[in-house]
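To keep things clear, I will list the structure first and then write my remarks on it.
The values are calculated or read from the model by the stated rules, or taken from the named source; none is laboratory data. Remember, it's a predicted structure, so these values are computed and weren't measured experimentally. Quick reminder, even Gly has a Cβ in these numbers, built from the backbone with ideal geometry, and neighbours come from all protein chains shown.
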Amino acid sequence: MPNKIHLTVATVIERDAQFLMVKETKAGVQVINQPAGHVEVGEDILQAALRETMEETGWEVSITGFLGISTHFAQATGITYYRLTFVAQPVRQDSLAVIDADIDMPLWMTFEEIRAEEPRLRSDMVLKCIEDYLAGRIFPLDIFRNRL
(Lines give C-alpha, C1' and ligand atoms only; values in the text may rest on other atoms or scores of the structure.)
Protein backbone atom coordinates (compact mmCIF):
# COMPACT_ATOMS: atom_id res chain seq x y z
CA MET A 1 0.00 0.00 0.00
CA PRO A 2 2.95 2.49 0.28
CA ASN A 3 2.62 3.34 -3.43
CA LYS A 4 -0.86 4.70 -2.64
CA ILE A 5 0.51 7.39 -0.30
CA HIS A 6 2.27 10.37 -1.87
CA LEU A 7 4.12 13.18 -0.08
CA THR A 8 3.96 16.44 -2.02
CA VAL A 9 4.93 20.07 -1.53
CA ALA A 10 3.45 23.29 -2.91
CA THR A 11 4.24 26.98 -2.71
CA VAL A 12 1.98 30.01 -2.42
CA ILE A 13 3.83 32.94 -3.97
CA GLU A 14 2.34 36.43 -4.09
CA ARG A 15 3.63 39.44 -6.01
CA ASP A 16 1.68 42.64 -6.62
CA ALA A 17 -1.62 41.05 -5.49
CA GLN A 18 -1.17 38.13 -7.90
CA PHE A 19 -0.27 34.51 -7.21
CA LEU A 20 2.15 32.38 -9.22
CA MET A 21 0.17 29.45 -10.61
CA VAL A 22 0.63 26.80 -13.26
CA LYS A 23 -1.64 25.37 -15.91
CA GLU A 24 -1.07 21.67 -16.44
CA THR A 25 -2.91 18.94 -18.29
CA LYS A 26 -3.87 15.87 -16.26
CA ALA A 27 -5.78 12.98 -17.87
CA GLY A 28 -6.53 15.18 -20.87
CA VAL A 29 -7.98 18.03 -18.81
CA GLN A 30 -6.22 21.35 -18.22
CA VAL A 31 -6.17 22.29 -14.54
CA ILE A 32 -4.74 25.13 -12.45
CA ASN A 33 -2.47 24.51 -9.47
CA GLN A 34 0.22 26.12 -7.37
CA PRO A 35 3.75 25.07 -8.22
CA ALA A 36 3.76 21.64 -6.59
CA GLY A 37 5.17 18.17 -6.83
CA HIS A 38 6.50 15.08 -5.15
CA VAL A 39 9.23 14.95 -2.55
CA GLU A 40 12.00 12.67 -3.80
CA VAL A 41 13.59 9.93 -1.72
CA GLY A 42 16.15 11.44 0.69
CA GLU A 43 15.16 15.01 -0.18
CA ASP A 44 14.59 17.74 2.40
CA ILE A 45 11.01 18.98 2.07
CA LEU A 46 12.04 22.65 1.95
CA GLN A 47 14.49 21.87 -0.85
CA ALA A 48 11.73 19.93 -2.63
CA ALA A 49 9.49 23.01 -2.55
CA LEU A 50 12.28 25.20 -3.97
CA ARG A 51 13.09 22.63 -6.67
CA GLU A 52 9.48 22.06 -7.73
CA THR A 53 8.83 25.80 -7.96
CA MET A 54 11.87 26.31 -10.19
CA GLU A 55 11.10 23.27 -12.37
CA GLU A 56 7.47 24.28 -12.92
CA THR A 57 7.77 28.07 -13.21
CA GLY A 58 11.39 29.11 -13.74
CA TRP A 59 11.19 31.22 -10.57
CA GLU A 60 13.78 31.14 -7.82
CA VAL A 61 11.96 31.77 -4.53
CA SER A 62 12.74 32.14 -0.86
CA ILE A 63 10.56 30.18 1.55
CA THR A 64 9.27 32.35 4.39
CA GLY A 65 6.56 30.34 6.15
CA PHE A 66 4.48 27.19 6.37
CA LEU A 67 0.74 27.06 5.71
CA GLY A 68 0.06 23.52 6.85
CA ILE A 69 -0.63 19.97 5.79
CA SER A 70 -3.55 19.10 3.55
CA THR A 71 -4.83 15.75 2.40
CA HIS A 72 -6.62 14.73 -0.76
CA PHE A 73 -7.91 11.32 -1.80
CA ALA A 74 -8.00 10.77 -5.57
CA GLN A 75 -10.93 8.46 -6.26
CA ALA A 76 -9.71 7.58 -9.75
CA THR A 77 -6.34 6.25 -8.62
CA GLY A 78 -6.89 5.39 -4.96
CA ILE A 79 -3.93 7.59 -4.02
CA THR A 80 -3.90 9.70 -0.86
CA TYR A 81 -1.87 12.88 -1.22
CA TYR A 82 -0.29 14.55 1.81
CA ARG A 83 0.59 18.09 0.78
CA LEU A 84 2.85 20.44 2.73
CA THR A 85 2.27 24.00 1.56
CA PHE A 86 4.80 26.78 2.01
CA VAL A 87 4.74 30.55 1.58
CA ALA A 88 7.51 31.91 -0.60
CA GLN A 89 8.71 35.25 -1.93
CA PRO A 90 9.76 35.56 -5.57
CA VAL A 91 13.48 36.28 -5.89
CA ARG A 92 14.15 36.21 -9.62
CA GLN A 93 12.91 34.59 -12.78
CA ASP A 94 15.37 32.50 -14.77
CA SER A 95 14.37 33.27 -18.35
CA LEU A 96 16.54 30.35 -19.56
CA ALA A 97 14.99 27.77 -17.22
CA VAL A 98 13.52 24.71 -18.88
CA ILE A 99 9.98 24.25 -17.56
CA ASP A 100 8.86 20.73 -16.67
CA ALA A 101 7.21 19.05 -19.68
CA ASP A 102 4.08 18.35 -17.58
CA ILE A 103 3.44 22.10 -17.24
CA ASP A 104 1.52 23.91 -19.98
CA MET A 105 2.48 27.34 -18.64
CA PRO A 106 3.17 29.32 -15.47
CA LEU A 107 1.07 32.43 -14.95
CA TRP A 108 0.26 35.12 -12.38
CA MET A 109 -3.39 35.32 -11.29
CA THR A 110 -5.34 37.43 -8.82
CA PHE A 111 -7.29 35.69 -6.06
CA GLU A 112 -10.52 36.63 -7.83
CA GLU A 113 -9.31 35.05 -11.08
CA ILE A 114 -8.33 31.87 -9.22
CA ARG A 115 -11.68 31.68 -7.44
CA ALA A 116 -13.49 32.20 -10.78
CA GLU A 117 -11.62 29.14 -12.10
CA GLU A 118 -12.62 26.95 -9.13
CA PRO A 119 -14.06 24.15 -11.33
CA ARG A 120 -10.66 23.93 -13.08
CA LEU A 121 -8.51 23.87 -9.94
CA ARG A 122 -6.55 20.65 -9.55
CA SER A 123 -8.04 20.06 -6.09
CA ASP A 124 -9.82 21.90 -3.32
CA MET A 125 -6.42 22.36 -1.63
CA VAL A 126 -5.46 25.04 -4.19
CA LEU A 127 -8.01 27.62 -3.08
CA LYS A 128 -7.95 26.64 0.59
CA CYS A 129 -4.24 27.31 1.05
CA ILE A 130 -4.53 30.74 -0.60
CA GLU A 131 -7.41 31.54 1.75
CA ASP A 132 -5.23 30.45 4.69
CA TYR A 133 -2.42 32.67 3.40
CA LEU A 134 -4.71 35.67 3.03
CA ALA A 135 -6.05 35.08 6.56
CA GLY A 136 -2.48 35.11 7.90
CA ARG A 137 -2.52 31.46 9.05
CA ILE A 138 1.22 31.09 8.55
CA PHE A 139 3.50 29.03 10.78
CA PRO A 140 7.22 29.72 11.31
CA LEU A 141 9.75 27.54 9.51
CA ASP A 142 11.56 26.63 12.72
CA ILE A 143 9.00 23.86 13.23
CA PHE A 144 10.99 21.85 10.67
CA ARG A 145 13.90 19.81 11.98
CA ASN A 146 14.44 17.46 9.07
CA ARG A 147 17.44 19.10 7.45
CA LEU A 148 18.73 16.30 5.23
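Residues to consider are SER70, SER62; find the one that is small (Gly, Ala, Ser), modelled with pLDDT under 95 and in contact with a strand residue (DSSP E or B) (Cβ under 6 Å, 6 or more places away or on another chain).
Details: SER62 fails: modelled with pLDDT under 95.
Result of the check over SER70, SER62: SER70.
Suppose we filter LEU141, LEU127 for residues that are touching a residue at least 40 places away in the same chain (Cβ under 8 Å) and hydrophobic (A, V, I, L, M, F, W, C); which single one remains?
Details: LEU127 fails: touching a residue at least 40 places away in the same chain (Cβ under 8 Å).
One residue alone meets the criteria, LEU141.
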* Asked: Looking at the range 97-144, which of its residues are of a type in the set (Val, Ile, Thr) and closer than 16 Å to ILE63 by Cα?
  -> ILE130, ILE138, ILE143
* **Which numbered condition ASP16 fails, given (1) closer than 19 Å to ASP100 by Cβ; (2) loosely packed, with under 12 Cβ neighbours inside 10 Å; (3) of a type outside the set (Phe, Trp, Tyr); (4) modelled with pLDDT of 95 or more** => (1)
* To do: Looking only at the range 98-111, decide whether some residue is touching a residue at least 24 places away in the same chain (Cβ under 8 Å), under 19 Å from ASP16 (Cβ atoms) and in a loop (DSSP other than H, G, I, E, B).
  => yes
* To do: Residue by residue through the range 98-116, note down the ones that are surrounded by 15 or more Cβ atoms within 10 Å (Cβ to Cβ) and either hydroxyl-bearing (Ser, Thr, Tyr) or under 20 Å from THR25 (Cβ atoms) (or both).
  => ILE99, ASP100, ILE103, PRO106, TRP108, MET109, ILE114
